Amino acid sequence: MFKRIYFWIDERLDIHDYIKKDVLDKPIPKGVNLSYCFGGITFFLFLMLAATGYFMSIYYVPSPLQAYDVVDYMTYEVSLGYVIRGVHHWAANLMVVTVFLHMIRVYIYGAYKNPREINWITGVLLFCLVMAFGFTGYLLPWDQKAYWATRVGTSMMGTVPVVGEYALKVLRGGSKLGALTLVRFYAFHVIFLPIVTVILLMGHFLMIRRQGISKPL
């Protein structure tokens with residue numbers, strides 16, 4: 001059935017040759033090794049995080065009175081909930097490792113140099129977004145560890161000269177951690193950060209397709 005639908009669409013849009021020649025048929029330089037896969041692995045982990053995150057958002061309630069109980073219910077009472085949350089947890093940790101290894105590879109191989117400077121900048125911004133995902137997601141279970149870790153993290157943000165106090169109030173929604181803090185972290189985690197990440201990923205991938213894979217030094 002899917003094959004018939006595909007050929008029906010291809011007959012009208014002629015996408016088969018475009019996908020084969022312009023998308024899939026790209027030369028790969030000699031010397032490419034396993035280290036070139038860290039970027040793709042990171043993207044795969046991002047997709048896993050998005051999928052498991054959407055499932056968890058069905059149950060999650062960003063309220064200090066309900067967040068912990070909802071996470072506990074989702075983990076131990078919902079069918080396969082512990083699997084979905086476990087995959088989300090470990091994929092998030094692995095994503096930090098793989099994106100770091102990817103950036104090390106790019107730097108060592110000199111793939112940040114002309115004409116790939118813009119791609120390097122988008123990569124650095126994506127790395128910052130990965131850190132922001134981890135920081136905003138850490139508070140969402142609303143347990144003691146998450147609460148105090150977020151309190152310390154936001155307090156460190158408040159020590160930044162000039163803009164520190166303003167940034168602290170924006171993150172916390174006031175001077176102290178509370179309901180508004182949890183709502184803001186949840187909104188950043190599931191709305192604002194994913195939108196910016198997808199936009200940067202599209203630019204990142206388009207530049208890679210345009211410039212090709214960098215050759216090893």
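Please treat every number below as a calculation from the coordinates, not as lab data. Nothing here was measured: the structure is a model prediction, and the numbers come from that model. Note: ideal-geometry Cβ built from the backbone for every residue, glycine included; neighbour counts use all protein chains shown.
Structure notes:
- Mean Cα-pair separation over length for segment 95-203, i.e. relative contact order, pairs under 8 Å, 6 or more apart, %: 25 percent
- Of the labelled figures (1) 21.0, 62; (2) 22.2, 72; (3) 22.0, 82, only one reflects Rg and Dmax of the Cα atoms in Å as derived from the coordinates, namely (1).
- Prolate/oblate/rounded label for segment 8-126 (Cα gyration tensor, a/c 1.5): oblate
- Only Lys, Arg (+1) and Asp, Glu (-1) charged, at Cβ; segment 1-128 dipole about Cα centre in debye: 540 debye
- Separation of segment 1-75 from segment 78-149 is 16 Å, based on Cα centroids.
- Exposed loop sites are taken as trypsin sites (Lys or Arg not before Pro) in a DSSP loop (any state but H, G, I, E or B) with at most 16 other beta carbon atoms within 10 Å; the longest stretch of the chain without one runs 31-112.
- The fraction of Cα-Cα pairs per 10 angstrom bin, counted from 0 for segment 64-106, comes to 27, 32, 24, 15, 3 percent, rounded to whole percents.
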